[in-house]
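Readers should treat all values here as calculations from the given coordinates under stated rules, not as data from a laboratory. Here the structure is a predicted model, which is why all the values come from computation and not from measurement. All Cβ positions, even for glycine, are placed from backbone atoms using ideal geometry, and neighbour counts span all protein chains on display.
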């Protein structure tokens, strides 16, 4: 039985906390990285444009490792329940943008599309909302595999098992029937 998106609303506090932690992890990376994230969010997409190796994408991609390191430092002080709650938010955000119209822009195999959605989530709420609203804002071939199971891996490292989000959904590509209907 498919899970109805309306039946799996996240507690507002969990979602707000997740986006806040993402911003806290980006904050120490400086003005140039913040401006690059904003530029990606607010750009007017040009079909066929190649952003790879060019600002602002190169700046953001160059900062992803440090962002993830900062997020790991933040996550190390969280309880098993908090890590599970944050993993449920990531799972939900990945599920919600598991859509054919977004995959058409990001390209990629099933795993590649999952990692592309990880990039969208990792860039923060504004970029996520921009892509959800206008899939052309997504960046072809930009990936952040680590974000897809970030809090689940922290949970496993600290508590010996992946958390059970209890959501009944999957973050894997093509699992959201509403995103792939004709």
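Quick rundown of the values:
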item: Rounded, prolate or oblate (a/c below 1.5 giving rounded, otherwise prolate when a/b exceeds b/c) for segment 1-147 by Cα gyration tensor; result: oblate
item: Mean Cα-pair separation over length for the chain, i.e. relative contact order, pairs under 8 Å, 6 or more apart, %; result: 28 percent
item: Label point distance in nm, residue 111-residue 161, each placed 7 Å from Cα along Cα→Cβ; result: 2.7 nm
item: Gyration tensor (alpha-carbon) shape descriptor, segment 117-182, a/c threshold 1.5; result: oblate
item: Förster radius 25 Å - calculated FRET efficiency between residue 14 and residue 50 (Cβ-Cβ, nearest 0.05); result: 0.10
item: Difference of contour (0.36 nm per residue) and Cα-Cα distance, residue 126 to residue 101; result: 7.1 nm
item: Extension gain, residue 145 back to residue 80 (0.36 nm per residue minus Cα-Cα distance, nm); result: 21.2 nm
item: Residues in segment 101-123 reached by a label modelled at residue 170 [backbone nitrogen below 20 Å; 7 Å Cα→Cβ]; result: 101-104, 107-119
item: Most mobile of 25, 130, 161 in a GNM of the chain (Cα contacts under 10 Å); result: 161
